[in-house]
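The values are calculated or read from the model by the stated rules, or taken from the named source; none is laboratory data. Keep in mind the model is a prediction, meaning the values are calculated, not measured. Reconstructed Cβ throughout: ideal geometry from the backbone, glycine too, with neighbour counts over all protein chains shown.
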Amino acid sequence: MKFFADTADTDAIRELAATGLLDGVTTNPSLIAKEGKDFIEVTKEICGLTDGPVSAEVVALDHETMMKEAEKLRKIADNVCIKVPLTVDGLKTCKALTDDGTMVNVTLCFSANQALLAAKAGATFVSPFVGRHDDNGSNGMELIRDIRTIYDNYAFETEILVASVRHATHVLESALIGADVMTAPPKVILGLFNHVLTDKGIEGFLKDWKATGQSIL
Ligand code: E4P
């Protein structure tokens, strides 16, 4: 499963890239606003920090303006992936862009039928939001299971990009279901390293090693 960082914080992206775990980045207008930097400039910087896809989202609601925005965004770098909302105009834009060889991430997917539409529109990625589903009292991971079944039934090539990931259990369940990608805030990804028995094990080994009086170097 690929790991994308769900952030526009370039320091955090750099730190994650150094671990070798980073396969791409997703941003959205809220994450861009949080950083307070110019959208085009920060997207260019992020594209230089990873070879993987970097999702940059259009903000227009009509197809014609979405295409104009996408035109500008895709010129930023070869690894820009245009993010469009799961609406009629969003999917029209998705079809036009993917027919033209541009990567597209269809975002704000909340039902398996919506994911079916995104695949039929040729999306590179579909982003079902599991955390927001859970917040709303439904089971976000059930949605991922259903999309996996549908995509496998018809051999759709659209990758399932699990979004709105909030914790380690979302990551684990996504991997068990066979999602292609998950995007999470860097602190969630780095948190996957943590285990109390790893810390305890290191402590014990170091204590015993110290008693030998040896050094490796
Ligand atoms: C996905 O691409 C979105 O940027 C993101 O995962 C939304 O997450 P949130 O529900 O935590 O805002």
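Out of all the residues in the stretch 26-39, is one or more closer than 13 Å to Thr93 by Cβ, among the β-branched types (Val, Ile, Thr) and out of contact with any Lys or Arg (no Cβ under 7 Å at 6 or more places or on another chain)?
Applying the first criterion (closer than 13 Å to Thr93 by Cβ) to the stretch 26-39 yields none.
No, that holds for no residue.
Taking the options Met141, Met103, Met182, name whichever one is surrounded by 17 or more Cβ atoms within 10 Å (Cβ to Cβ), among the aliphatic types (A, V, I, L, M), under 19 Å from Pro53 (Cα atoms) and away from the ligand (no atom under 13 Å from the Cβ).
Values: Met141 fails: under 19 Å from Pro53 (Cα atoms); Met182 fails: away from the ligand (no atom under 13 Å from the Cβ).
Selected residue: Met103, the only one of Met141, Met103, Met182 that is surrounded by 17 or more Cβ atoms within 10 Å (Cβ to Cβ), among the aliphatic types (A, V, I, L, M), under 19 Å from Pro53 (Cα atoms) and away from the ligand (no atom under 13 Å from the Cβ).
Got at least one residue in the stretch 58-71 being within 16 Å of the ligand (Cβ to nearest atom), outside any loop (DSSP other than H, G, I, E, B) and at pLDDT 95 or above?
Residues of the stretch 58-71 within 16 Å of the ligand (Cβ to nearest atom): 58-59.
Remaining after also requiring outside any loop (DSSP other than H, G, I, E, B): none.
Checked against the condition, which is being within 16 Å of the ligand (Cβ to nearest atom), outside any loop (DSSP other than H, G, I, E, B) and at pLDDT 95 or above, the stretch 58-71 yields no hits at all.
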When you go through (1) within 13 Å of the ligand (Cβ to nearest atom); (2) part of a helix (DSSP H, G or I); (3) touching a residue at least 24 places away in the same chain (Cβ under 8 Å) one by one for Ala33, which number turns out not to apply?
(3)
Among what's in the stretch 122-132 and is more than 14 Å from Asp146 (Cα to Cα) and crowded, with 23+ Cβ neighbours inside 10 Å, pick the residue that is farthest from the ligand (Cβ to nearest atom).
Ala123
For the stretch 124-208, which fully contained helices (runs of 4 or more DSSP H) count at least 1 residues that are in contact (Cβ under 8 Å) with a residue 60 or more places away in the chain and of a type outside the set (Lys, Arg)?
168-177, 186-191
Residues (out of contact with any helix residue (DSSP H, G or I) (no Cβ under 6 Å at 6 or more places or on another chain), in a helix (DSSP H, G or I) and either more than 12 Å from Ile147 (Cβ to Cβ) or among the hydrophobic types (A, V, I, L, M, F, W, C) (or both)) located in the stretch 99-116
Asp99
Expected single match for closer than 27 Å to Leu31 by Cβ, of a type outside the set (Val, Ile, Thr), out of contact with any Ser or Thr (no Cβ under 8 Å at 6 or more places or on another chain) and at pLDDT below 95 among Ser138, Ser111 is Ser138
Here are the criteria: (1) surrounded by fewer than 14 Cβ atoms within 10 Å (Cβ to Cβ); (2) closer than 18 Å to Lys2 by Cβ. Tell me which single one Asn153 does not satisfy.
(2)
Conditions first: (1) within 16 Å of the ligand (Cβ to nearest atom); (2) in a loop (DSSP other than H, G, I, E, B). Leu16 passes all but one, so which condition is the exception?
(2)
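Identify, please: which residue in the stretch 21-30 is of a type in the set (Ser, Thr, Tyr) and surrounded by 15 or more Cβ atoms within 10 Å (Cβ to Cβ) and is, among those, farthest from the ligand (Cβ to nearest atom)?
Residues of the stretch 21-30 that are of a type in the set (Ser, Thr, Tyr), as a first pass: 26-27, 30.
Filter once more, keeping what is surrounded by 15 or more Cβ atoms within 10 Å (Cβ to Cβ): 26-27.
Details: Thr26: 4, Thr27: 7 Å.
Across the stretch 21-30, the extreme among qualifying residues is Thr27.
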Could you say whether any residue in the stretch 86-103 is without any contact (Cβ under 8 Å) to a residue 24 or more places away in the chain and within 19 Å of Phe39 (Cα to Cα)?
no
Looking at the stretch 72-92, which of the residues that are more than 14 Å from Ala121 (Cβ to Cβ) and not in a helix (DSSP H, G or I) is nearest to the ligand (Cβ to nearest atom)?
Cys81
